[in-house]
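Here the structure is laid out as structure tokens; the discussion comes afterwards.
The values are calculated or read from the model by the stated rules, or taken from the named source; none is laboratory data. Given the structure is predicted, the values throughout are model-derived calculations rather than measurements. Backbone-built Cβ (ideal geometry, glycine too); neighbour counts: all protein chains shown.
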Amino acid sequence: MPKPLHSHDYFVHFLDELRNARIRSGVTQVRLAELIDEDQTFVSKCERGVRRLDVVEMKRWTEALGMPLGPV
């Protein structure tokens, strides 16, 4: 089984949803970066699959978009 970072589902489904959720929320990469106390390149790398989000980062990301992930 391939590592999750390199799996088809991670690239096609998860990253698409990650980017689309931000776009649907009307938030730019720059604004999201400000909301999660990162820089724009962090957001870009995560959306492109260059950098993987851990569960704590994912929670911050979704909450910044008004989409709570749940308890962590």
* Asked: If the Cβ limit is 9 Å and pairs must be 6+ apart or interchain, which residue in the stretch 33-45 that is farther than 16 Å from K59 by Cβ and without any contact (Cβ under 8 Å) to a residue 24 or more places away in the chain pairs with which residue that is surrounded by fewer than 15 Cβ atoms within 10 Å (Cβ to Cβ) and aliphatic (A, V, I, L, M)?
  -> D39/V30; Q40/V30; S44/V50
* Scan the stretch 24-35 for residues that are under 24 Å from D9 (Cβ atoms) and surrounded by 12 or more Cβ atoms within 10 Å (Cβ to Cβ) and jot them down. => S25, Q29, L32
* When only residues in the stretch 38-66 that are surrounded by fewer than 13 Cβ atoms within 10 Å (Cβ to Cβ), β-branched (V, I, T) and assigned to a helix (DSSP H, G or I) count, which is modelled with the highest pLDDT? -> T41
